[in-house]
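The structure appears right after this line, and notes come after that.
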Amino acid sequence: MTTLPEILHRLWPDPAELTDADLEELYDYPPDLTKPWVQVNFVSSADGAVTVNGRSAGLSSPGDKKVFALGRDLADVVLVGAGTARAEGYKGVKRTEMRTERRARLGLAPVPPITVITASANLDPASPLISGTEVPTIVVTCESAPAERRKALADAGADVVVAGQDTVDVRALLAELGERGLHRVCCEGGPTLFGELIVTDLVDQLCLTIAPLLAGGGAGRIVSGSPVTAGLDMTTESVLRDEDGFLMLRYRRT
């Protein structure tokens with residue numbers, strides 16, 4: 001098994017090989033949070049594609065997977081749109097030896113729940129994301145979603161939350177997570193959800209992996225939806241490179 005220092009090297013600031021402890025310190029959330037703080041994780045090709053053959057897996061590498069897993073290790077909750085959850089075959093977060101040790105040391109729950117956004121409540125109650133999780137999946141939907149779908153999901157074990165009439169209100173969603181003490185929010189996409197978070201000025205950090213690959217046309221960008229009148233100013237906090245040439249960029253709100 002390849003050790004972490006052989007995989008990830010910091011290029012900026014202060015070029016160095018990174019240990020597990022270094023990486024954890026680099027990506028940890030701010031201390032003493034009193035409200036949700038949103039980190040968004042994405043991977044794209046060098047020419048901006050968000051998927052290859054409809055999935056993001058073709059854009060990943062061992063180094064990227066370590067950073068992705070670390071995002072879940074450090075979070076109170078994982079946030080994802082239903083389209084991404086279906087396309088990527090989401091399941092509940094599983095315990096690993098490192099995850100168990102790290103989360104216990106940091107005073108976090110054994111595993112973070114998945115929170116899925118779906119305005120229509122169109123999720124399969126029998127899917128592993130609903131019926132096979134260690135902690136209940138939080139399904140955030142709307143008043144207009146069919147009552148029978150909401151009930152079926154609740155009966156299958158999901159924690160169903162209504163936030164909005166016809167569309168999910170992401171501000172209300174984050175307020176609900178805050179009420180539950182889930183402040184360390186790791187958003188894993190997709191592009192529509194990311195766009196909503198940008199429009200509502202709720203992105204605190206973007207962790208973006210750039211794959212050394214030209215995917216060509218046909219795939220979308222990491223963000224979609226309504227434009228903003230002014231971009232959100234971000235500061236480059238760190239740049240990592242793995243042995244396969246993937247770059248892991250971390251941007252934080254100015």
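The values are calculated or read from the model by the stated rules, or taken from the named source; none is laboratory data. Quick caveat: nothing in here was measured; it's all calculated off a predicted structure. No Cβ is skipped: glycine too gets one built from the backbone with ideal geometry, and neighbour counts run over all protein chains shown.
Brief remarks on what is shown
- Index of the failed condition, residue 202 passing every other in (1) part of a strand (DSSP E or B); (2) surrounded by 14 or more Cβ atoms within 10 Å (Cβ to Cβ): (1)
- Residue ID - surrounded by the most Cβ atoms within 10 Å (Cβ to Cβ), chosen from residues in the stretch 162-185 that are closer than 30 Å to residue 31 by Cα and either touching a Cys at 6+ places or on another chain (Cβ under 9 Å) or of a type in the set (Phe, Trp, Tyr) (or both): 168
- Some residue of the stretch 147-161 being buried (at least 18 other Cβ atoms within 10 Å of the Cβ), basic (Lys, Arg) and over 19 Å from the mean Cα position of the chain (by Cα): yes
- Those helices (runs of 4 or more DSSP H) of the stretch 1-108 in which at least 1 residues are under 27 Å from residue 200 (Cβ atoms), considering only elements entirely within it, cover 20-27, 62-73, 82-87.
- Boolean, residue 231 is loosely packed, with under 14 Cβ neighbours inside 10 Å and modelled with pLDDT under 90: yes
- Note on the stretch 52-66: residues that are over 14 Å from residue 244 (Cα atoms) and either buried (at least 23 other Cβ atoms within 10 Å of the Cβ) or among the hydrophobic types (A, V, I, L, M, F, W, C) (or both) amount to 3.
- Residues in the stretch 109-141 that are small (Gly, Ala, Ser) and either touching a helix residue (DSSP H, G or I) at 6+ places or on another chain (Cβ under 8 Å) or part of a helix (DSSP H, G or I) (or both): 109, 120, 121, 131.
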